[in-house]
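**Student:** Just passing along the structure, written as structure tokens.
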Amino acid sequence: MKFILQTRVAALAMALFLTCRPVLGQTVISVDAGANVHPISELVYGVNFANSNQLADLNSPLNRSGGNAESRYNWNVNAHNRAADYFFESIADNPATPGAEADKHVANSKAAGADSMITIPTLGWVAKDRTQRWSYSIAKYGQQDSSDPFQSDAGNGTVNGIKITNNFPTDANVLLDSTNQQNWVKHLTNQWGLAGGGGVRYYLMDNEPSLWSSTHFDVHHAGTTLREIRDKFVEYGSKVKAVDAGAMVCAPEEWGWLGYFYSGADQEVVPSGPFNDRSTNGNMDYIPWFLDQARQFETNSGQRLLDVLTVHYYPQGDAFGTTQEFSTNTSSQAQLLRNRSTRSLWDTNYTDASWIQDVVKLVPRFKSWIATYYPGTKFGLTEYSWGADDHINGATAQADVLGILGREGVDLATRWTVPASNTPVANAFKMYRNYDGNKSKFGNLSVATSAPAPDNVAAFGALRTSDGALTVMVINKQLSTSATVQLALTNFYHNGTAQLWQLTSTNVVTALGARTVTAGSVTATVPAQSVTLFVVSAGAPPQLSASLQTPTTLALTLTGYPNQRYVIDRSVDLTNWTGFVTNLLSTNTFTITDGLTNAARFYRAYWTPK
């Protein structure tokens with residue numbers, strides 16, 4: 001007779017009951033490795049303005065060059081105007097080589113194996129030349145509310161809080177058109193290759209255009225209209241695609257809550273109105289309108305310009321504006337606010353405590369808008385921060401955010417800005433991307449993971465396809481209370497051990513060694529304000545061997561793990577399989593016999609949940 005043996009780990013698609021009972025006082029975290037399985041984009045672990053060493057240390061795959069000054073970058077002379085961030089001063093970068101500052105950014109990214117995001121100015125006005133100049137000379141425009149302490153003639157452009165609008169943009173700036181920016185894209189592709197060949201992959205269509213009349217009021221006095229934003233996106237995005245059709249165009253890079261609903265023109269009359277720009281454009285919210293316009297452009301032209309819908313989001317503090325998450329504030333009030341305000345990213349029932357006083361549900365909101373108005377568009381968050389970089393509370397918030405971005409299926413994200421090396425927030429990144437110093441990572445397939453009170457203890461689970469491990473990140477946000485957590489694992493075939501790594505207020509990522517997984521459960525006590533990674537190793541597939549016990553009897557021996565259930569199937573054609581035996585091993589092996597016939601017979605063995 002003929003027989004063939006096959007071993008495998010079964011794909012799981014059945015409802016299971018936990019085999020472990022919670023102990024009083026424990027926080028039970030349920031992890032079902034067979035439910036809600038979806039990829040985590042590694043691009044959610046991106047940052048802004050990192051050098052090659054920082055990118056390598058964080059093992060970060062995406063590096064953005066963005067912000068207000070990038071709206072005013074003159075690549076021809078390698079100089080930026082700093083806009084309202086610093087007295088509207090045009091300041092040269094070194095060296096004088098055209099495009100050198102951007103090229104340095106791309107070189108840093110490539111040296112660490114990261115993709116680059118480059119901002120294409122669509123505002124038009126950029127730094128005039130390499131001479132230091134400023135838009136609001138006090139000698140020319142009179143005394144102003146403040147001035148540069150190092151350049152006393154450079155004013156801030158306001159008098160008693162009122163903007164000076166009779167200035168000449170050419171005092172410190174020059175107007176460049178989309179063809180000039182297209183030439184810059186040609187420079188970048190000549191220098192670094194096309195996007196598909198290792199060149200710049202992402203081009204951002206400027207930065208926060210609905211705030212131009214605030215951040216760039218020296219050159220753009222009036223609030224931007226929806227059509228101005230759309231037309232600039234189409235003009236400049238088309239020029240990028242004409243040079244590099246494989247590049248990803250990202251827009252509109254809006255700043256936050258009001259910028260999701262109102263144009264710059266209408267934001268200037270919030271909350272009372274009248275919202276004339278909105279009325280002119282079908283009474284639609286800004287972002288849905290923009291998506292619909294991008295969809296119509298593709299329908300009419302046959303070309304997709306908008307690859308990634310990108311926005312910014314910063315938590316807005318408490319209702320009184322006195323406590324801000326995006327700050328260095330580490331008072332108890334600020335820490336507790338950080339602990340709960342990450343809900344604004346995902347929770348469809350959480351009312352934001354800030355002036356917003358509404359359900360933000362950021363990721364579900366944008367995914368719904370995309371599905372309705374322009375399906376197939378990716379979603380990215382290119383600026384965000386919960387602050388407190390030098391405090392463990394900032395680290396627990398950052399770890400929570402990274403877990404949320406992966407679980408909720410965000411396509412890319414870049415934190416503003418890169419955290420300084422060896423800070424708690426930097427180490428929070430490393431817990432996901434480089435926890436052992438050898439670039440070992442959190443898993444890349446999100447799985448169903450639930451914790452009963454995520455404001456206190458949050459958890460995220462993911463399978464790691466490189467080695468089959470199940471990784472679970474547990475974040476104890478509580479300010480002074482440790483937590484005994486029990487991971488209740490289902491639909492995962494493990495080898496009985498879990499390795500633990502932990503970040504605490506000591507600001508050191510520490511290997512805690514192995515814990516035993518018993519009956520689908522592993523328990524550990526995690527300190528207050530800590531981030532703990534459980535790496536549960538996958539079990540090896542069962543081994544099936546056969547021998548003739550008698551001339552008419554075949555002995556099948558399965559080798560596996562004690563206390564695990566295995567199935568042996570048999571078939572006569574390798575297509576139709578029937579169950580032969582199911583066994584819960586009490587030792588590493590068990591043997592079963594089968595009678596021989598003249599027909600060929602095939603056998604396979606696999607693990608199955610209890």
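**Student:** Just name the residue that is nearest to GLU254 (Cα to Cα) out of those in segment 295-318 that are open to solvent by 10 Å² or more (accessible area, probe 1.4 Å) and touching a strand residue (DSSP E or B) at 6+ places or on another chain (Cβ under 7 Å). So that I can check it myself, show each step before the final result.
**Tutor:** First, pick out the residues of segment 295-318 that are open to solvent by 10 Å² or more (accessible area, probe 1.4 Å): 295-304, 307, 314, 316, 318.
In the following step, the residues that additionally are touching a strand residue (DSSP E or B) at 6+ places or on another chain (Cβ under 7 Å) were identified as 307, 314.
On the way: ASP307: 15, TYR314: 11 Å.
Applying the filter and picking the extreme gives TYR314.
**Student:** Okay, next question. Is it the case that VAL28 is part of a strand (DSSP E or B) and either without any contact (Cβ under 8 Å) to a residue 12 or more places away in the chain or over 26 Å from GLY196 (Cβ atoms) (or both)?
**Tutor:** Numbers: part of a strand (DSSP E or B): yes; either without any contact (Cβ under 8 Å) to a residue 12 or more places away in the chain or over 26 Å from GLY196 (Cβ atoms) (or both): yes.
Against the criterion (part of a strand (DSSP E or B) and either without any contact (Cβ under 8 Å) to a residue 12 or more places away in the chain or over 26 Å from GLY196 (Cβ atoms) (or both)), VAL28 qualifies.
**Student:** What number of residues within segment 360-419 satisfy the criterion of being of a type outside the set (Lys, Arg) and part of a helix (DSSP H, G or I)? Quick ask: steps written out before the conclusion?
**Tutor:** Of segment 360-419, the ones of a type outside the set (Lys, Arg) are 360, 362-364, 366, 368-377, 379-406, 408-414, 416-419.
Retained after the next criterion (residues that are part of a helix (DSSP H, G or I)): 362-364, 366, 368-373, 392-406.
The total comes to 25.
**Student:** Here's a follow-up. Looking only at segment 413-446, count every residue that is in contact with a helix residue (DSSP H, G or I) (Cβ under 7 Å, 6 or more places away or on another chain), small (Gly, Ala, Ser) and open to solvent by less than 30 Å² (accessible area, probe 1.4 Å) and tell me the total.
**Tutor:** 4
**Student:** Working only within segment 26-61, note down all residues that are closer than 21 Å to ASP436 by Cβ and acidic (Asp, Glu).
**Tutor:** GLU42, ASP57
**Student:** On to the next question. Here are ASP129, ASP148: which of them is in contact (Cβ under 8 Å) with a residue 40 or more places away in the chain, touching a helix residue (DSSP H, G or I) at 6+ places or on another chain (Cβ under 9 Å) and acidic (Asp, Glu)?
**Tutor:** The unique qualifying residue is ASP148.
**Student:** In segment 549-581, which residue that is assigned to a strand (DSSP E or B) and free of Cβ contacts under 8 Å to residues at least 24 places away in the same chain is farthest from the chain's Cα centre (by Cα)? Show your work before the answer.
**Tutor:** The first filter runs over segment 549-581 and keeps only residues assigned to a strand (DSSP E or B), leaving 549-550, 553-559, 565-571, 577-581.
If we keep only those that are free of Cβ contacts under 8 Å to residues at least 24 places away in the same chain too, we end up with 550, 578-581.
Working: THR550: 61, THR578: 45, GLY579: 44, PHE580: 47, VAL581: 46 Å.
Among those that are assigned to a strand (DSSP E or B) and free of Cβ contacts under 8 Å to residues at least 24 places away in the same chain, it is THR550.
**Student:** Could you say which residue among GLY403, GLY376, GLY387 is crowded, with 23+ Cβ neighbours inside 10 Å, modelled with pLDDT of 95 or more and in contact with a helix residue (DSSP H, G or I) (Cβ under 9 Å, 6 or more places away or on another chain)? Before the answer, list the steps.
**Tutor:** Details: GLY376 fails: crowded, with 23+ Cβ neighbours inside 10 Å; GLY387 fails: crowded, with 23+ Cβ neighbours inside 10 Å.
Going through GLY403, GLY376, GLY387 in turn, just one is crowded, with 23+ Cβ neighbours inside 10 Å, modelled with pLDDT of 95 or more and in contact with a helix residue (DSSP H, G or I) (Cβ under 9 Å, 6 or more places away or on another chain): GLY403.
**Student:** Checking THR449 against (1) in contact with a helix residue (DSSP H, G or I) (Cβ under 7 Å, 6 or more places away or on another chain); (2) part of a strand (DSSP E or B); (3) open to solvent by 10 Å² or more (accessible area, probe 1.4 Å), which single condition isn't satisfied?
**Tutor:** (1)
**Student:** Of the residues that sit in segment 173-189 and are part of a helix (DSSP H, G or I) and open to solvent by less than 10 Å² (accessible area, probe 1.4 Å), which one is farthest from LYS110 (Cα to Cα)? Break it down stepwise before answering.
**Tutor:** As a first pass, look at segment 173-189 and keep what is part of a helix (DSSP H, G or I): 178-189.
Cutting the leftovers down to open to solvent by less than 10 Å² (accessible area, probe 1.4 Å) gives us 178, 181, 184-185, 188.
Values: SER178: 27, GLN181: 22, TRP184: 19, VAL185: 17, LEU188: 13 Å.
Ranking the qualifying residues of segment 173-189, first place goes to SER178.
**Student:** Are any residues in segment 83-103 without any contact (Cβ under 8 Å) to a residue 24 or more places away in the chain and not in a loop (DSSP other than H, G, I, E, B), and if so, which ones?
**Tutor:** Across segment 83-103, the qualifying residue is only ALA100.
**Student:** Between a residue in segment 310-321 that is touching a residue at least 40 places away in the same chain (Cβ under 8 Å) and any residue that is buried (at least 21 other Cβ atoms within 10 Å of the Cβ) and among the charged types (D, E, K, R), which pairs come within a Cβ distance under 6 Å, given they are 6 or more apart or on different chains?
**Tutor:** Cβ pairs passing all conditions: THR310/GLU253; VAL311/GLU254; HIS312/GLU383; PRO315/GLU325.
**Student:** Also, I was wondering about something else. Of the residues that sit in segment 220-247 and are among the hydrophobic types (A, V, I, L, M, F, W, C) and surrounded by fewer than 23 Cβ atoms within 10 Å (Cβ to Cβ), which one is farthest from the chain's Cα centre (by Cα)?
**Tutor:** Result: ALA222.
Here is a yes/no grid of residues against (1) more than 30 Å from TRP501 (Cβ to Cβ); (2) in contact with a Cys (Cβ under 9 Å, 6 or more places away or on another chain); (3) open to solvent by 60 Å² or more (accessible area, probe 1.4 Å); (4) not hydrophobic (A, V, I, L, M, F, W, C):
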{"position": "VAL535", "(1), (2), (3), (4)": "no, no, no, no"}
{"position": "LEU554", "(1), (2), (3), (4)": "yes, no, no, no"}
{"position": "LEU558", "(1), (2), (3), (4)": "yes, no, no, no"}
{"position": "GLN564", "(1), (2), (3), (4)": "no, no, no, yes"}
{"position": "ASP569", "(1), (2), (3), (4)": "yes, no, no, yes"}
{"position": "VAL581", "(1), (2), (3), (4)": "yes, no, no, no"}
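**Student:** Kindly provide the set of residues from segment 584-610 that are farther than 15 Å from TYR493 by Cα, open to solvent by less than 70 Å² (accessible area, probe 1.4 Å) and part of a strand (DSSP E or B), ordered by number.
**Tutor:** THR589, PHE590, ILE592, THR593, ASP594, GLY595, ARG601, PHE602, TYR603, ARG604
**Student:** Out of all the residues in segment 456-471, is one or more under 16 Å from SER30 (Cα atoms), over 21 Å from the mean Cα position of the chain (by Cα) and open to solvent by 20 Å² or more (accessible area, probe 1.4 Å)?
**Tutor:** Taking segment 456-471 and keeping what is under 16 Å from SER30 (Cα atoms), we get 456-463, 470-471.
Next, from what is left, pick out any that are over 21 Å from the mean Cα position of the chain (by Cα): 456.
Still in the list and also open to solvent by 20 Å² or more (accessible area, probe 1.4 Å): 456.
Scanning segment 456-471 turns up at least one residue that is under 16 Å from SER30 (Cα atoms), over 21 Å from the mean Cα position of the chain (by Cα) and open to solvent by 20 Å² or more (accessible area, probe 1.4 Å).
**Student:** Could you tell me which of the residues THR591, THR578, THR608 is among the hydroxyl-bearing types (Ser, Thr, Tyr), at pLDDT below 90 and more than 30 Å from VAL457 (Cα to Cα)? Outline the logic, then answer.
**Tutor:** Details: THR591 fails: at pLDDT below 90; THR578 fails: at pLDDT below 90.
Result of the check over THR591, THR578, THR608: THR608.
**Student:** Something else now. Name, by its number, the condition in (1) in contact (Cβ under 8 Å) with a residue 40 or more places away in the chain; (2) crowded, with 16+ Cβ neighbours inside 10 Å that does not hold for SER332.
**Tutor:** (2)
**Student:** In segment 190-214, what count of residues is obtained for those that are more than 26 Å from the chain's Cα centre (by Cα), open to solvent by 20 Å² or more (accessible area, probe 1.4 Å) and more than 18 Å from ASN63 (Cβ to Cβ)?
**Tutor:** 2
**Student:** Taking GLN303 and the conditions (1) within 17 Å of ASP231 (Cα to Cα); (2) free of Cβ contacts under 8 Å to residues at least 24 places away in the same chain, which numbered condition does it fall short on, given that it satisfies the others?
**Tutor:** Only one criterion is unmet by GLN303, namely (2).
**Student:** Any residue at all in segment 85-107 that's of a type in the set (Asp, Glu) and open to solvent by less than 10 Å² (accessible area, probe 1.4 Å)? Before the answer, list the steps.
**Tutor:** Within segment 85-107, the first condition is being of a type in the set (Asp, Glu), and the residues that meet it are 85, 89, 93, 101, 103.
Those left that are additionally open to solvent by less than 10 Å² (accessible area, probe 1.4 Å): 89.
For segment 85-107, residues of a type in the set (Asp, Glu) and open to solvent by less than 10 Å² (accessible area, probe 1.4 Å): present.
**Student:** I'd like to know if segment 356-363 contains one or more residues that are in contact with a Gly (Cβ under 6 Å, 6 or more places away or on another chain), buried (at least 23 other Cβ atoms within 10 Å of the Cβ) and farther than 23 Å from ALA448 by Cβ. So that I can check it myself, show each step before the final result.
**Tutor:** Step one: of segment 356-363, the residues in contact with a Gly (Cβ under 6 Å, 6 or more places away or on another chain) are none.
There is no residue in segment 356-363 that is in contact with a Gly (Cβ under 6 Å, 6 or more places away or on another chain), buried (at least 23 other Cβ atoms within 10 Å of the Cβ) and farther than 23 Å from ALA448 by Cβ.
**Student:** Can you tell me which residues in segment 493-529 are at pLDDT below 95, open to solvent by 20 Å² or more (accessible area, probe 1.4 Å) and not in a strand (DSSP E or B)?
**Tutor:** Across segment 493-529, the qualifying residue is only ALA519.
The values are calculated or read from the model by the stated rules, or taken from the named source; none is laboratory data. For clarity, every value in this text was computed on a predicted model and none was experimentally measured. Counting neighbours? That spans all protein chains shown, and the Cβs are built from the backbone with ideal geometry, glycine included. For accessibility, only protein heavy atoms count, side chains too; no ligands or nucleic acids. Shrake-Rupley method; radii C 1.70, N 1.55, O 1.52, S 1.80 Å.
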